[in-house]
Amino acid sequence: MNNELLKLIPILRRYAYTFAGNLHDADDLVQNTLERVLKKPPPEGVELAKWAFRICRNLWIDEYRAATTRQNATEEPHLQAQATTDGERDVTHQIEFKQVYEAMQALNDDQRTVMALVTIEGMSYQEAATVIDKPVGTVMSRLARARAALTMHLQTMRTPMASR
Amino acid sequence: MKDINNETNEAPDISDESLSAFMDNELPPAHMEHIMEQLAHDDALADRFDTLMLAESQRKKALNAIDEEPMSVGLQQLIKQLETPTQSAKIIPFTQRLKMYTPRFTTAVAASFAALFGFVLSYGLQQPHVDSSGINTQIVQQLETTVSGKKYMFANQAVILRASFKNNMGKICRQYRTRETTNIAAEKVVHVTDNIACRNDMGHWQLNAKIPLPIMNESEYQTATNHSALDAILDQMGAGDFFTKAQEQLSVDNGWQ
């Protein structure tokens with residue numbers, strides 16, 4: 001199982017990042033998820049990836065979402081996104097990453113949750129609706145609003161640079 | 001600046017919600033078909049859709065970039081623990097291997113490799129621990145019968161033989177790269193590995209080194225190679241003259257004797 005878990009880590013990080021909106025909390029969430037999976041492996045017949053996603057999601061909803069323990073990090077996305085950046089990293093890449101990071105920060109928790117469930121975990125709208133205990137229409141509208149908000153933020157950020 | 005909410009008014013029968021659901025293939029077939037037709041004829045709608053798709057693509061790209069970000073210390077420590085129990089028999093962390101087999105490598109260099117690549121590798125320099133079952137039998141056949149430079153597909157795995165050489169013990173070795181695609185959740189993930197196999201005294205191929213490259217999303221194009229790690233291993237194996245194509249062909253013809 002350990003090897004499978006190791007393979008899952010990159011996707012779990014993306015998943016957790018989509019919930020948390022910053023790498024610090026995302027890594028913390030992934031670490032907690034892995035520890036819990038190790039303590040409580042998936043029941044027979046349940047895919048490890050799905051089990052890990054479920055634990056990650058529940059951890060986020062039950063423990064992280066309400067907590068604002070790392071408010072400082074989330075309030076300074078520039079530091080958060082760039083403190084760990086390799087000096088030789090492509091500058092364009094960094095800017096794009098930062099822009100998306102900031103745009104995702106602007107989404108509310110509900111929007112980020114639906115986005116993680118559908119676009120990273122690969123759930124259908126119906127499955128996502130079951131998880132958040134809302135109608136399918138709510139999933140559809142939250143996702144659409146999240147995408148619209150992301151698009152607008154990215155356009156807003158791109159415009160001043162393009163006009164220089 | 002474009003306001004996509006205002007743009008919604010340009011095609012009032014197709015909302016942002018519908019476009020978003022269309023992207024996820026979550027609409028009834030008739031509705032999907034309708035949007036498809038509209039996209040073909042309505043430039044404003046097509047523009048809205050393209051804008052959404054662009055943002056979606058940027059989001060995915062940025063999320064993939066997380067793979068390049070260093071992990072927290074806690075997560076790194078947990079990964080080390082995960083690697084230890086199941087792999088200790090065959091795979092020893094790079095830093096330990098370097099200490100065991102390569103005294104001329106300083107700890108600092110070893111540590112920097114580990115920090116840079118964040119991988120473990122299986123590396124048996126004197127007494128390879130990985131037996132022939134460590135290599136897929138189809139790959140063994142390619143090692144035995146094929147010269148370098150060609151790519152072969154086996155189910156979800158692609159293999160390309162890259163070079164042949166003799167190590168410092170006079171054994172014939174071959175370097176090859178595998179590329180395996182697996183489905184994890186909504187994504188296809190590509191695992192690329194550089195490998196070195198050598199023929200043992202019994203004339204069987206044995207896996208001597210395995211260097212996983214960073215895990216990628218399928219949409220990413222792999223250009224990076226862990227040249228430093230690979231070069232270090234080749235150095236330690238005493239890889240001298242690499243075979244020419246003609247020498248490889250001759251070796252293949254002679255069954256690598």
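Observations
- Residue that is modelled with pLDDT under 50, touching a helix residue (DSSP H, G or I) at 6+ places or on another chain (Cβ under 7 Å), assigned by TED's automatic domain parsing to the domain that holds B:T244 and assigned to a loop (DSSP other than H, G, I, E, B), where the choices are B:F105, B:F113: B:F105
- Qualifying residue in the stretch A:34-47 (condition: out of contact with any Leu (no Cβ under 7 Å at 6 or more places or on another chain), touching a residue at least 60 places away in the same chain (Cβ under 8 Å) and in a helix (DSSP H, G or I)): no
- Considering the stretch A:28-66, the residues that are among the charged types (D, E, K, R) and under 22 Å from B:N183 (Cα atoms) include one that is nearest to the chain's Cα centre (by Cα), namely A:R57.
- Flag for A:F19 being away from chain B (no Cβ under 11 Å) and crowded, with 23+ Cβ neighbours inside 10 Å: yes
- Residue, surrounded by the most Cβ atoms within 10 Å (Cβ to Cβ), within the stretch B:14-61, restricted to residues that are within 11 Å of chain A (Cβ to nearest Cβ), among the polar types (S, T, N, Q) and over 36 Å from the mean Cα position of the chain (by Cα): B:S18
- Close Cβ contacts (under 6 Å, 6 or more residues apart or on different chains) running from residues in the stretch B:16-38 that are in contact (Cβ under 8 Å) with a residue 12 or more places away in the chain to residues that are buried (at least 19 other Cβ atoms within 10 Å of the Cβ) and of a type in the set (G, A, S) comprise B:D16/A:A144; B:D16/A:A148; B:S20/A:A144.
- Consider the stretch A:120-144 and keep the residues that are touching a residue at least 40 places away in the same chain (Cβ under 8 Å) and within 10 Å of chain B (Cβ to nearest Cβ). The one that is farthest from B:M53 (Cα to Cα) is A:E121.
- Any hit, the stretch B:82-100, residues being small (G, A, S), in a helix (DSSP H, G or I) and modelled with pLDDT under 80: no
The values are calculated or read from the model by the stated rules, or taken from the named source; none is laboratory data. This structure is a prediction, so every number in the text was calculated from the model and none was measured. When we count neighbours, we look across all protein chains shown, and the Cβ atoms used for this are built from the backbone with ideal geometry, even at glycine.
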